[in-house]
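Visitor: This structure is in structure tokens; I'll ask about it shortly.
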Amino acid sequence: MRWTACGTICLLGVLVGLSACNKGREGKSSQVVAVVNEEEITVAQLNRVLRSVGTERVTPELTRQALESLADEELLVQAALKQEIDRDPSFVQALEQSRRELLSKMFAERTVYPKTVVSENEVAEYYRNQPLLFSNRRKFLFTTFLAEKSDMTTIVDEELSNVSSVDQVRSILDGHAIKYVTEVASVTPEQIPINQLERFAQASVGDLFIHEKSGGKVLLMSLTGIEHDVPLTLERARPMIEGYLRNARNKQATGEYLKQARASAKIVYYPPGAKPGPLQANAVSAPAVRAPTPEYSTKASGGVN
């Protein structure tokens, strides 16, 4: 759907005009579009809801739905205030967390993130460098085996390193009496980690990919088929690429800013349960270590390590 700013202004103008006359509410704001139990709903609130929908054309029906949604929300808010939920400690904590997140987000948007636009050359270069995502799209068919990581002994790993088919994987697991849950899965390029795309593009049927999961599980993914998909043109891919490159820029800029900020800041980490106070002998002031995110690996040649 498409819409114009003129259409939105006209539509909101009608709503504002009606609300200004509603029930003889003299002296009230001309920006009021609805009143729920004497609480006003404004054009600004309505605009925020309409923007969050992400549609290109605002219709009277869409606006009506947005107003109904705001009215429902207001009823729930009023009920919550009657029960003094806004004084509940858990609400206060959640509100403070939301405030912190919003402050950090707005600061980054205004001060840290690059203001330059993504160039056509950058978009075209990324398109050329990622054919699996765009010009040479493929789907990967897998038979997966979900098992306990503790069952994957060194002997099992060595045997799996030489497999070239799903039947061999199943035979090894059965031969060692390893319990597993098996499924058939289809993986699109968008589901593959960016840093693994090139190696997936070089994969062959029979390759075994291993993905460590949370909860002490491991997922064995035996590649059983590769299907060609409809190519994505540069024009269609442009919004996706621009969004990715912007996010990559923002992430890099944030990392650089935080590196400088940490260099001049005093950060002290205390053991769990320690009381706030003077620096303790066993406190550390080194940067926190984040556990690495599990990635795909393979025991078959030509696959992902």
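Visitor: Within the stretch 113-147, work out how many residues are farther than 26 Å from I192 by Cβ, touching a residue at least 40 places away in the same chain (Cβ under 8 Å) and surrounded by fewer than 16 Cβ atoms within 10 Å (Cβ to Cβ).
Guide: The number of residues fulfilling the criteria is 1.
Visitor: Scanning the stretch 148-161 for residues that are of a type outside the set (D, E, K, R) and surrounded by fewer than 18 Cβ atoms within 10 Å (Cβ to Cβ), which turns out farthest from R238 (Cα to Cα)?
Guide: I155
Visitor: I've got another one for you. Here is a check on your reading of the model: is R110 out of contact with any Pro (no Cβ under 6 Å at 6 or more places or on another chain) and more than 19 Å from N247 (Cα to Cα)?
Guide: For R110, the condition - out of contact with any Pro (no Cβ under 6 Å at 6 or more places or on another chain) and more than 19 Å from N247 (Cα to Cα) - is not met.
Visitor: May I pose another question? Do any residues in the stretch 33-58 that are in contact (Cβ under 8 Å) with a residue 24 or more places away in the chain have Cβ atoms under 6 Å from those of residues that are part of a helix (DSSP H, G or I) and acidic (D, E), where the two are at least six apart or on different chains, and which pairs are they?
Guide: Close Cβ pairs (under 6 Å, with a partner that is part of a helix (DSSP H, G or I) and acidic (D, E)) amount to V36/E74; E39/E74.
Visitor: I would also like to ask the following. Is one or more of the residues making up the stretch 34-43 assigned to a helix (DSSP H, G or I) and not β-branched (V, I, T)?
Guide: Checked the stretch 34-43: no residue is assigned to a helix (DSSP H, G or I) and not β-branched (V, I, T).
Visitor: So, S98, is that one surrounded by fewer than 12 Cβ atoms within 10 Å (Cβ to Cβ), assigned to a helix (DSSP H, G or I) and free of Cβ contacts under 8 Å to residues at least 40 places away in the same chain or not?
Guide: yes
Here is a yes/no grid of residues against (1) among the polar types (S, T, N, Q); (2) over 30 Å from R128 (Cβ atoms); (3) surrounded by 14 or more Cβ atoms within 10 Å (Cβ to Cβ); (4) touching a His at 6+ places or on another chain (Cβ under 6 Å):
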site: V166; (1), (2), (3), (4): no, yes, yes, no
site: V181; (1), (2), (3), (4): no, yes, no, no
site: P189; (1), (2), (3), (4): no, no, yes, no
site: V205; (1), (2), (3), (4): no, no, yes, no
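Visitor: While we're here: May I ask you to verify whether V230 is modelled with pLDDT of 95 or more and either farther than 30 Å from K115 by Cβ or under 24 Å from the mean Cα position of the chain (by Cα) (or both)?
Guide: No, not satisfied.
Visitor: Separate question: Which of (1) in a helix (DSSP H, G or I); (2) farther than 30 Å from L232 by Cα is the odd one out, the single condition Y127 does not satisfy?
Guide: (2)
Visitor: So, one more: For the stretch 227-251, what are the residues that are in a helix (DSSP H, G or I) and either β-branched (V, I, T) or surrounded by 12 or more Cβ atoms within 10 Å (Cβ to Cβ) (or both)?
Guide: L234, A237, R238, M240, I241, E242, Y244, L245, R246, A248, R249, N250
Visitor: Could you check V77 against (1) among the β-branched types (V, I, T); (2) assigned by TED's automatic domain parsing to the domain that holds S214; (3) assigned to a helix (DSSP H, G or I); (4) surrounded by 11 or more Cβ atoms within 10 Å (Cβ to Cβ) and say which number it fails?
Guide: The number of the failed condition is (2).
The values are calculated or read from the model by the stated rules, or taken from the named source; none is laboratory data. On a predicted model such as this, the values are computed, not experimentally measured, just so you know. Note that each Cβ is placed from the backbone with ideal geometry, even for glycine, and that neighbours are counted across all protein chains shown.
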